[in-house]
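Trainee: Below is a structure I'd like to ask you about.
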Ligand code: HEM
């Protein structure tokens, strides 16, 4: 059920593209790109909310959905990137017309427009996380797996920063994302400190040296 629910934003883009129930507005390419970008960021934040929710409510079953939510974040960001590459930059129309595509425009955009550089870096992190998300990779990578997957924090910060940087006037939407991310990251710092304090108190009661 959750899988189908996570697909709804993508299905709505397809439905609106065919004029079923809605439209993509006056600038459909920008609309497609923006919708996928926004859902990519939302899914990163939703996936990051799983651990705090589980810890605060004690509902351990929530953890079962974290991987799927993370993979949906990757899916939506990838669609956002593909919409940019194929539709906005015109790779698809060049391919259909059989024209040669100028890849230097792509590399120029990625390396010379800072907000795109940041978005691309975030995408690369998500590619690494998605590629190592299987149980087999987790086993193979051992303790490095967690270290690698902490990269999701960086991807989230870069994602919000990327959005923030390309906004010209109204910062209210990226501000909401930034605040939600600050709460999710702040919670982790608070929880880590709490765990360390509880651990040291337990050790001192047991007569063990601190920080063990
Ligand atoms: C984790 C990675 C990324 C996230 C979370 C993300 C998210 C977003 C969001 C939320 C927006 C604003 C949408 C709006 O105006 O409502 C946006 C805009 C944009 N993003 Fe990304 N993005 C990511 C990666 C990328 C990559 C890899 C590219 C291309 C190489 C890219 C290209 C763009 C462009 C060109 C815009 C401006 C679209 C416009 O003119 O409205 N993004 N992105």
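Each value in this text was obtained by applying a stated rule to the coordinates, not by laboratory testing. These numbers were taken from a predicted model, which means no experiment stands behind them. Cβ: placed from backbone, ideal geometry, glycine included. Neighbour counts: every protein chain shown.
Trainee: Answer with yes or no whether residue 147 is within 16 Å of the ligand (Cβ to nearest atom), free of Cβ contacts under 8 Å to residues at least 40 places away in the same chain and farther than 24 Å from residue 82 by Cα. Break it down stepwise before answering.
Mentor: Numbers: within 16 Å of the ligand (Cβ to nearest atom): no; free of Cβ contacts under 8 Å to residues at least 40 places away in the same chain: yes; farther than 24 Å from residue 82 by Cα: yes.
Against the criterion (within 16 Å of the ligand (Cβ to nearest atom), free of Cβ contacts under 8 Å to residues at least 40 places away in the same chain and farther than 24 Å from residue 82 by Cα), residue 147 does not qualify.
Trainee: Looking at 207, 136, which one is at positive phi and without any contact (Cβ under 8 Å) to a residue 12 or more places away in the chain?
Mentor: 207
Trainee: Show the residue pairs meeting these rules: Cβ distance below 7 Å; 6+ apart or different chains; first residue within the stretch 113-126 and within 25 Å of residue 146 (Cβ to Cβ); second residue more than 8 Å from the ligand (Cβ to nearest atom).
Mentor: 118/161; 118/165; 125/151; 125/154; 126/74
Trainee: In the stretch 103-116, is there at least one residue being within 10 Å of the ligand (Cβ to nearest atom) and within 18 Å of the chain's Cα centre (by Cα)? Lay out the reasoning, then the answer.
Mentor: Of the stretch 103-116, the ones within 10 Å of the ligand (Cβ to nearest atom) are 106, 109-110, 113, 115-116.
This time we only want the ones that are within 18 Å of the chain's Cα centre (by Cα), so: 115-116.
Looking through the stretch 103-116, at least one residue is within 10 Å of the ligand (Cβ to nearest atom) and within 18 Å of the chain's Cα centre (by Cα).
Trainee: Need at least 2 residues that are within 9 Å of the ligand (Cβ to nearest atom) and under 17 Å from the mean Cα position of the chain (by Cα) per element, so show me which helices (runs of 4 or more DSSP H) inside the stretch 1-94 make the cut, counting only ones lying wholly within it.
Mentor: Numbers: elements: 2-17, 28-57, 66-82.
Once the helices (runs of 4 or more DSSP H) in the stretch 1-94 are filtered for at least 2 residues that are within 9 Å of the ligand (Cβ to nearest atom) and under 17 Å from the mean Cα position of the chain (by Cα), what remains is 28-57, 66-82.
Trainee: Oh, and also: Which of the residues belonging to the stretch 166-196 are in contact with a helix residue (DSSP H, G or I) (Cβ under 6 Å, 6 or more places away or on another chain) and either within 9 Å of the ligand (Cβ to nearest atom) or under 14 Å from residue 44 (Cα atoms) (or both)?
Mentor: Residues of the stretch 166-196 that are in contact with a helix residue (DSSP H, G or I) (Cβ under 6 Å, 6 or more places away or on another chain), as a first pass: 166-167, 174, 177-178, 180-181, 184, 187.
Residues satisfying the conditions are 166, 167, 174, 177, 178, 180, 181, 184.
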